[in-house]
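The values are calculated or read from the model by the stated rules, or taken from the named source; none is laboratory data. Quantities reported herein were computed from a predicted structural model and do not represent experimental measurements. With ideal geometry, Cβ positions are generated from the backbone for all residues, glycine too; neighbour counts draw on all protein chains shown. Ligands, DNA and RNA are excluded from the accessible area calculation, which covers all protein heavy atoms including side chains. Shrake-Rupley method; radii C 1.70, N 1.55, O 1.52, S 1.80 Å.
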Amino acid sequence: GPVTSVVWSPNEPGILVSASSDNLLCVWEIDGSDYVQVMNSRFDQSLNSVAWGPDGQLAACLWDGSIALFASGETKPTIKPNVHEGSMVAAWTNDGRLVTGGVFDKTIKVWDSEVETPKPILRGAVSGSKCMSVWPGEVGF
């Protein structure tokens, strides 16, 4: 299926992750023109976006508004259900906080470094957004 998101690892040169609408998340090792799939994880629904954290964490956003969190080096995710109402995007801050934006519920949430409790910070700001970037002190759409 169509690839929905591709992101280079911030810590490991030559490593990237891809997400697709055919429910597959893949981590790739790229060396020149050669590439090897080093991990894949199949989900029961489409993936919207992926984001690498500063410590190697990986967040994959699922179509139903859940998020799959992979600890650095792990292949089995922890699933956080009902993060948003449906489709969402995600990005990490340099200090390890996860920022998520719900396309349908139009809410941006900032999660603590343990990704336990979200704090809604903006409502009505994400209408139809399909990507997000975070800079120190700023959130961009």
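Report the equivalent ellipsoid semi-axes for region 3-123 in whole Å, largest first, defined as the square roots of five times the eigenvalues of the gyration tensor built from alpha carbon atoms.
Numbers: eigenvalues 111, 51, 27 Å².
They are 24, 16, 12 Å, listed from largest to smallest.
Just to check I understand the Karplus step: with θ = phi - 60° and J = 6.51 cos²θ - 1.76 cosθ + 1.60, what whole-Hz values come out for region 43-53, glycine and proline as x?
So the J values, rounded to whole Hz, are 10, 8, 7, 5, 9, 8, 8, 9, 8, 8, x.
Can you list residues from other chains, or at least 5 along the same chain, whose modelled amide H is less than 5 Å from the amide H of residue 4?
19, 20, 21
Heavy atoms only, probe 1.4 Å: what % of the accessible area of region 3-123 goes to carbon and sulfur, would you let me know?
On the way: 2990 of 6130 Å².
Roughly 49 percent of what the probe reaches on region 3-123 is carbon or sulfur.
Please work out the average accessible area per residue across region 3-123, using the 1.4 Å probe convention, and give it in Å².
For region 3-123, the per-residue accessible area is 51 Å².
Would you mind calculating the gained length between residue 74 and residue 30 on full extension (0.36 nm times residue separation, minus the Cα-Cα distance), in nm to one decimal? Let's see the in-between values first.
Details: separation 44, 0.36 × 44 = 15.84 nm, distance 1.94 nm.
That works out to 13.9 nm of additional length.
Which of the listed residues, 20, 104, 57, is farthest toward the dipole's positive end in region 3-123, when Lys, Arg count +1 and Asp, Glu count -1 at the beta-carbon?
Farthest towards the positive end: 104.
Over all Cα pairs of region 8-52, how is the pair count split among 5 Å bins, expressed in % and running from 0 up to the last occupied bin?
Spelled out per bin, shortest first, that is 6, 23, 28, 22, 14, 6, 1.
Sort 32-43, 69-80, 98-109 by packing, meaning the average of other beta carbons within 10 Å per residue, with the highest value first. Mind dumping the intermediate values first?
Numbers: 32-43: 11.4, 69-80: 14.1, 98-109: 21.3.
Order by mean packing, descending: 98-109, 69-80, 32-43.
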